[in-house]
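Notes follow once the structure below has been shown.
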Amino acid sequence: MSLSEPRPGTATRETLPNPSIDFWKHRHVLDLDDFSREETDLVFEIAEGMVEILDRDVKKVPTLRGKTIATMFFEPSTRTRASFELAAKYLGADTINLEAARSSVAKGESLIDSLRTLQALEVNAIIMRHPCSGAPYIAARNLDTSIINAGDGCHAHPSQGLLDIFTMRQQLGNLKGRKAVIVGDILHSRVARSNIWGTRHYGMKLVLCAPPTLMPHGLPDMLEKYSLNHVTLEHDLNTAIKNADIVMPLRLQKERQQSGLISSLREYTQGYQINAARLAGAKPDVLVMHPGPMNEGAEISPEVAYGTRSLIEQQVTNGVAVRMALLYLIAGGKSR
Ligand code: NCD
């Protein structure tokens, strides 16, 4: 199968890669723990072709024409949902967006019943965000339709992990020997967890830095159990940041905080904010990323967020390309 069907006036065949996707086995995308290096590279290779489509004036190809992609979000979202919806639309699919508050879930319908309704409507993939860790796994077990996890509780956010690593590779090329630091509310971060799994293939070092109260207790055991030797944990940001190529602060997730995890925002900011003074301790050409949404003045200072070292806008653009690649593989490929 090619990425796009030839159509008069479209030049997609010449400009897009046409990799073999025969080894792609995923019906669902739930996390990156079951993604091999080969599969992750395939997503990136296809996403590179999608970046070219995004550079065009008319960003539309007919690859998923006749397919329907549904989003079902049980939690607020700006960029992830908009990004998936645009990705589906640029590939020519129809989209349905369901918000839990406005759907029959608000009338007491169970999660599975709501999802089964979408399945009965013959949607080709459901992109799902849910506050409970594991909810997309329950959906995947009970449905034939493909499920893409767009964030489940504190557990996983695979498309964000992929777009983060894609952005690092786009900027740095080979990631072997590079050092990335993810700093902040690791305890509640599904983004950090998916980055742990996704980065394991690339020979890079990943440092997770947080105050002790925002570092998950079970993390050292998990890293040991799964031989995730590329990850180290650090409480001191100045130590963590030394020789870093990438620094990615995380939002302090106030909605998931139990009181008492940080003594005060002021103290947290003093110890963990990424600002120009702090970055002086990293490599001179250190790059800054953020999965968004940002709390400027808390985990990141505005001069860094909008400065020359910031890749935050590229992450947003790359997010669409990476999600186009995922939708292509899930809804357009042979796994359907
Ligand atoms: C993150 C999320 O929702 O997990 N944002 C995102 O999807 N880009 C991080 C957050 O909420 O802070």
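The values are calculated or read from the model by the stated rules, or taken from the named source; none is laboratory data. Since we're looking at a predicted model, the values are computed, not measured. Reconstructed Cβ throughout: ideal geometry from the backbone, glycine too, with neighbour counts over all protein chains shown. To get the accessible areas, we keep the full protein, side chains included, count just its heavy atoms, and leave off ligands, DNA and RNA. Shrake-Rupley method; radii C 1.70, N 1.55, O 1.52, S 1.80 Å.
Looking across the range 277-314 at every residue that is away from the ligand (no atom under 14 Å from the Cβ) and assigned to a strand (DSSP E or B), the one that is farthest from K242 (Cα to Cα) is identified as S310. Scanning the range 227-237 for residues that are surrounded by 13 or more Cβ atoms within 10 Å (Cβ to Cβ) and of a type outside the set (D, E, K, R) yields L228, H230, V231, T232, L233, H235, L237. Would you check if E224 is over 21 Å from H290 (Cα atoms), of a type in the set (D, E) and assigned by TED's automatic domain parsing to the domain that holds I182? For E224, the condition - over 21 Å from H290 (Cα atoms), of a type in the set (D, E) and assigned by TED's automatic domain parsing to the domain that holds I182 - is met.
Comparison of K283, K254 shows that the only residue that is modelled with pLDDT under 95 and either within 23 Å of the chain's Cα centre (by Cα) or in the same structural domain as I165 (by TED's automatic domain parsing) (or both) is K254. Within the range 158-192, the set of residues being more than 10 Å from the ligand (Cβ to nearest atom), surrounded by fewer than 24 Cβ atoms within 10 Å (Cβ to Cβ) and over 19 Å from S83 (Cβ atoms) comprises Q171, L172, G173, N174, L175, K176, G177, R178, K179, I186, L187. Checked across the range 122-132, the condition of being open to solvent by less than 10 Å² (accessible area, probe 1.4 Å) and within 16 Å of the ligand (Cβ to nearest atom) holds for at least one residue.
Residues that are more than 16 Å from the ligand (Cβ to nearest atom), at pLDDT below 90 and not charged (D, E, K, R) within the range 84-114 comprise L98, A101, S103, S104, V105, A106, G108, S110, L111, I112, S114, listed in sequence order.
V207 fulfils the conditions (1) away from the ligand (no atom under 14 Å from the Cβ); (2) assigned to a loop (DSSP other than H, G, I, E, B); (3) touching a residue at least 12 places away in the same chain (Cβ under 8 Å); (4) under 30 Å from N275 (Cα atoms) except for a single criterion, (2).
Filtered by the rule that a residue be in a loop (DSSP other than H, G, I, E, B) and more than 13 Å from L326 (Cα to Cα), the range 81-96 gives G92, A93.
Here's the yes/no breakdown for (1) within 24 Å of R141 (Cα to Cα); (2) of a type in the set (A, V, I, L, M, F, W, C); (3) surrounded by fewer than 21 Cβ atoms within 10 Å (Cβ to Cβ):
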site: D33; (1), (2), (3): yes, no, yes
site: S36; (1), (2), (3): yes, no, yes
site: R65; (1), (2), (3): no, no, yes
site: I69; (1), (2), (3): yes, yes, no
site: F74; (1), (2), (3): yes, yes, no
site: T80; (1), (2), (3): yes, no, no
site: K89; (1), (2), (3): no, no, yes
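Residues in the range 245-276 that are more than 10 Å from the ligand (Cβ to nearest atom), open to solvent by 10 Å² or more (accessible area, probe 1.4 Å) and either touching a strand residue (DSSP E or B) at 6+ places or on another chain (Cβ under 7 Å) or closer than 22 Å to E313 by Cα (or both): Y272, Q273, N275, A276.
If you go through the range 193-202 and keep only what is within 14 Å of the ligand (Cβ to nearest atom) and either in the same structural domain as L42 (by TED's automatic domain parsing) or polar (S, T, N, Q) (or both), you end up with S194, N195.
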